[in-house]
Each structure stands twice: as C-alpha cells, then as structure tokens.
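Encoded as structure tokens, the structure appears first; notes follow it.
Coordinate-derived values only; no laboratory data. The model shown is predicted, which means the values in this text are computed figures rather than measured ones. Here the Cβ is made from the backbone with ideal geometry for all residues, glycine too, and neighbour counts use every protein chain on show.
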C-alpha cells in the first residue's frame, strides 16, 4: 500500500493519516475475504487491490465535492467505500444484488466504522434516488444506465462510467482521460448528465 500512496502523492493526491489507515484496513479486509468471495482477480491479489483502489481514489480528482453518490454494481465496494473514506460527510449508496457481496459490504462498513453508507440489495429498475452522482464500473450496458438516470440521480446529476474503450466519446456529455500505472491502456471516465 505504501507504493500506492507514493504514486498518488506524485499525482498530487495527498491523503491524510486517517484516510490511509482506513484504506489499509479496507485492503486487508478485501485480501482476507477475496478468495472465498471472488472479490478481485486471484492472479496477483495485492496488485489487483491496489489497481482498484487507485481508480477509486483518482475518481475523486474529477468529481469534486458532492453530497450523495450511488455505486451501481458495487461488488467489493471499491468506488463507494473509497469515496466515503475521502468524503465522510457524503451519503453513499452501494447497489449490489449478489448476496455474498452484500454481506461483505455490510461487514466492511461495520469493520471500518463508516456511517452514512447504505447497502441496497435491489434491482436497478427499482431504484428511486436523487443522488448527485452515480458511478458504474463493471455493470450493465450503458444504454440501460442512461435510461435509468432519471430514477437514480437528481436533475443535473451525473452518471460516471469507467471504461478503457473510446466507443462512448460521441454519446457522453464529457469525458476525462487518466493513466493508471496499474493498467496497460489509458482509462476514460465518461460523464452523462441528467437534463430532464
């Protein structure tokens, strides 16, 4: 984790002591449960955890301050839990249907002592939220997500979709490139804004 913190600092992302402590505890928890719950790739567990944490922390550079965020298809909770650590005042919603992952998320939240973070075991079609931001990393197709936007984010709220493909450039309202030292290709964050 020291390597990850050094990389982030070189990129101008300075984490406080409490943030680093919580990220280390979270990473340790993922490593502990990963094999039994298939939370991340088994090839190189430490590298995979750092890669996912890097993406989640870098996201904070692009979103600024917010009051609520929905992590769609939360999985191990990388996006939502990391954003809660970085923005403790925000309300975070982790949407995950897989029961074992739901159980892990609930354990992680309790273990880390996080408040204002909620696990929603619902189908996206049933969501009725008005969050500032929704984030999708490895979830359903973008067409379905954009269609569901009015039920997930408030008017002028945004959906951020992680991708390495350039296929969505013309459809997104805007996009951001970033380079991850943990990946071979440049990464993109596509932003779709709810206007109605």
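Both radii come from the Cα set of the chain: Rg as radius of gyration, Rh as Kirkwood radius; their ratio Rg/Rh reads 0.93. Between residue 195 and residue 106, the simple spin-label model (points 7 angstrom out along Cα→Cβ) gives 4.2 nm.
Taking the chain as a Gaussian network of alpha-carbon nodes connected by springs under 10 Å, the highest mean-square fluctuation of the residues 30, 160, 13 belongs to 13. When both bridge partners sit in region 2-193, DSSP labels roughly 40% of those beta bridges antiparallel. Note on the chain: GNM, Cα springs under 10 Å; of 11, 96, 106, the largest mean-square fluctuation is that of 11. Considering only 123, 143, 55, the Gaussian network model of the chain with Cα springs below 10 Å gives its largest mean-square fluctuation to 143.
Note on region 10-25 and region 108-180: Cα centroid distance 23 Å, given to the nearest whole angstrom. Every helix of 4 or more DSSP H residues in the chain counts as -39500 (n - 2.57), and over all residues that averages to -13500 deg cm²/dmol at 222 nm.
Relative to a virtual label point 7 Å from the Cα of residue 1 in the Cα→beta-carbon direction, which members of region 106-131 show backbone nitrogen distances below 16 Å? The answer is 108-114. Beyond 24 Å, what percent of the Cα pairs of region 44-140 remain? Within region 44-140, distances greater than 24 Å cover 14 percent of Cα pairs.
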